[in-house]
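Undergrad: Got a structure for you, questions after.
Nothing in this text is a laboratory measurement; each read-out follows from the coordinates by a stated rule. From a predicted model like this one, the values you see are computed outputs, not experimental measurements. Positions of Cβ are backbone-derived with ideal geometry, glycine not excepted, and every protein chain shown enters the neighbour counts.
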Amino acid sequence: TPSKDGKMFIRALFDYDPNEDKAIPCKEAGLSFRRGDILQVMSQDDATWWQAKQEGDANPRAGLIPSKHFQERRLALRRPEVLVQPLKVSNRKSSGFRRSFRLSRKDKKTNKSMYECKKSDQYDTADVPTYEEVTPYRRQTNEKYRLVVLVGPVGVGLNELKRKLLTSDTQHYGVTVPHTTRARRSQESDGVEYIFISKHLFETDVQNNKFIEYGEYKNNYYGTSIDSVRSVLAKNKVCLLDVQPHTVKHLRTLEFKPYVIFIKPPSIERLRETRKNAKIISSRDDQGAVKPFTEEDFQEMIKSAQIMESQYGHLFDKIIINDDLTEAFNELKTTFDKLETETHWIPVSWLH
Ligand code: 5GP
């Protein structure tokens with residue numbers, strides 16, 4: 001379905017090298033691309049091989065790329081190897097958020113969502129990333145900011161980066177206030193550190209799909225509500241949200257237009273050099289103790305980053321390597337400036 005002016009653009013969600021492709025009729029005619037590249041589709045006449053070129057490429061000659069249908073089918077066949085290592089997730093759960101979206105969008109009448117929700121884990125794995133049709137989008141000055149989602153492994157420095165951004169411009173950046181059922185401590189105020197609610201209300205809110213994610217810690221619930229994101233955006237601020245990557249797909253709507261940034265660790269050698277004196281909030285023991293990084297922490301960080309990237313890389317708009325904190329912070333800043341002023345590609349599916 002080409003857009004109004006007859007041009008159709010897609011974002012490639014996988015890397016492709018025609019020289020490695022045994023199926024392509026002529027390797028020289030193939031177009032190579034990387035995940036994240038924007039391609040202009042010139043012809044879909046053939047069911048197996050489309051013709052496309054890199055967006056913005058002045059050379060009018062198109063190359064062959066596997067069609068969506070063909071690529072989906074052969075990727076689905078190869079899929080088991082991708083699933084060998086399931087992503088280790090913390091106690092955070094993505095709640096019925098998925099269900100709420102289904103309900104409000106298409107299944108209102110049939111209530112089919114309850115059934116689909118049960119099968120959602122299988123659904124995730126069947127979802128093979130190939131191409132996504134995209135369209136240019138540029139934020140108008142009076143428009144709300146896009147939601148910025150930061151993902152990355154434990155210890156990579158996501159919280160430091162978030163804190164640095166917040167303090168660099170408190171008027172411009174904001175974070176969500178989480179809900180909790182634990183008692184308020186004397187120095188805390190309602191609505192600042194947390195929104196304090198009863199267990200009963202929390203459970204009702206979970207049932208009503210009000211949370212993006214929630215978890216249990218020491219017999220209390222903690223969670224991030226959808227409304228808490230809305231209230232940051234309503235203040236005309238850029239909302240910085242860090243969540244497990246598996247929650248991202250539920251946030252991909254026109255309302256939030258999430259821009260997903262993956263904070264990636266550098267090589268293990270650089271981790272050893274740069275984090276020698278740094279500390280990590282231990283994810284292994286329940287106390288959340290702050291301790292110096294161990295070799296095991298570094299290895300776990302790298303492994304976790306690799307799994308995240310292989311399972312969810314197609315959802316990342318930007319990858320920033322946090323080698324030197326100041327450099328990573330500057331790169332983040334530049335990314336934000338561009339996000340607010342330049343044209344970006346968003347999925348056409350958000351518009352429907
Ligand atoms: P505290 O009760 O000391 O303020 O927080 C204890 C723990 O609650 C934190 O270390 C964190 O693991 C968890 N927590 C805080 N906010 C959230 C949230 O929004 N979602 C989830 N799942 N856990 C949270």
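Undergrad: If you average the sequence gap of Cα pairs under 8 Å that are 6 or more apart and divide by the length of the stretch 118-225, what percent do you get for the contact order?
TA: Taking the mean separation of contacting Cα pairs over the length of the stretch 118-225, I get 19 percent.
Undergrad: Got a sec to turn the phi values of the stretch 339-347 into Karplus ³J(HN,Hα) couplings, 6.51 cos²θ - 1.76 cosθ + 1.60 with θ = phi - 60°, whole Hz, x for Gly and Pro?
TA: So the Karplus estimates, Gly and Pro as x, are 4, 7, 10, 9, 7, 10, 9, 10, x Hz.
Undergrad: Label-point separation (nm) for Arg78 and Lys338, each offset 7 Å from Cα along Cα-to-Cβ?
TA: Result for the modelled spin labels: 2.8 nm.
Undergrad: What is the spin-label model distance, in nm, from Leu254 to Gln207 if the labels are put 7 Å beyond Cα along the C-beta direction?
TA: Distance between the two pseudo-spin positions: 3.2 nm.
Undergrad: Starting at the first residue of the stretch 214-224, write each ³J(HN,Hα) from the Karplus equation 6.51 cos²θ - 1.76 cosθ + 1.60 with θ = phi - 60°, in whole Hz, x for Gly and Pro.
TA: Coupling constants for the stretch 214-224: 8, x, 10, 9, 6, 6, 10, 8, 9, x, 10 Hz.
Undergrad: So what is the relative contact order for the stretch 97-351, in percent, with contacts set as C-alpha pairs under 8 Å and at least six apart?
TA: Contact order relative to length: 29 percent.
Undergrad: Quick query: amide H of Gly36 versus all other amide H atoms, modeled in the peptide plane; which residues come in under 5 Å with a sequence gap of 5 or more or a different chain?
TA: Ala12, Leu13, Phe14
Undergrad: Classify the stretch 1-59: rounded, prolate or oblate, from the alpha-carbon gyration tensor (a ≥ b ≥ c, eigenvalue square roots; a/c under 1.5 rounded; otherwise prolate if a/b is larger than b/c)?
TA: prolate
Undergrad: By per-residue mean of other Cβ atoms within 10 Å, what is the highest-first order of 290-302, 145-157?
TA: Most protected by this proxy first, the peptides run 145-157, 290-302.
Undergrad: If r is the Cβ-Cβ distance from Asn219 to Thr167 and R0 is 45 Å, what FRET efficiency results, to the nearest 0.05?
TA: It comes to 0.85.
Undergrad: Are there any GluC sites (Glu not before Pro) in the stretch 144-230 that are in a DSSP loop and have at most 14 other Cβ atoms within 10 Å? List them by number.
TA: Loop-located and lightly packed - Glu188, Glu193.
Undergrad: Could you calculate the FRET efficiency of Lys318 with Asp127 from 1/(1 + (r/R0)^6), where r is the beta carbon distance between them and R0 is 22 Å, rounded to 0.05?
TA: Efficiency, rounded to the nearest 0.05: 0.50.
Undergrad: Using only the Cα atoms of the stretch 221-282, build the gyration tensor, take square roots of its eigenvalues as a ≥ b ≥ c, and label the shape rounded, prolate or oblate: rounded if a/c is under 1.5, else prolate if a/b is larger than b/c, else oblate.
TA: Prolate, because a/c is 1.5 or more and a/b exceeds b/c.
Undergrad: So, one more: Among 168-177, 239-248, 219-228, what's the highest-first ranking by average C-beta atoms within 10 angstrom per residue?
TA: Ranked from most to least packed, the peptides come out as 239-248, 219-228, 168-177.
Undergrad: Same structure, new question: With N denoting the number of residues in the stretch 184-272, provide Rg(C-alpha) divided by 2.2 N^0.38 Å, to two decimal places.
TA: Compared with the compact-globule rule of thumb, the stretch 184-272 sits at 1.33.
Undergrad: Taking the beta-carbon count within 10 Å as an exposure proxy, list Tyr259, Tyr214 from fewest neighbours to most.
TA: If I rank by nearby Cβ atoms, fewest first, I get Tyr259, Tyr214.
Undergrad: How many nm separate the modelled label positions at Arg185 and Asp46, each set 7 Å beyond the Cα in the direction of the Cβ?
TA: So the two model labels end up 6.5 nm from each other.
Undergrad: How charged is the neighbourhood of Lys276? Take every other residue with its Cβ under 14 Å from the Cβ of Lys276, and add Lys/Arg as +1 and Asp/Glu as -1.
TA: -1
Undergrad: Just add up the charged neighbours of Lys164: K/R +1, D/E -1, any other residue whose Cβ is under 13 Å from the Cβ of Lys164.
TA: -2
Undergrad: Same structure again: Against the globular-protein guess of 2.2 N^0.38 Å, express the Cα radius of gyration of the stretch 97-351 as a ratio, rounded to two decimals.
TA: Cα-based Rg divided by the globular estimate yields 1.05.
Undergrad: How much net charge surrounds Thr326 when only the other residues with a Cβ under 12 Å from the Cβ of Thr326 are counted, with Lys and Arg +1 and Asp and Glu -1?
TA: Once all neighbours under 12 Å are counted, the net charge is -3.
Undergrad: For the stretch 233-329, just the Cα atoms, rotate onto the principal axes and tell me the three extents in Å, largest first.
TA: 42, 28, 28
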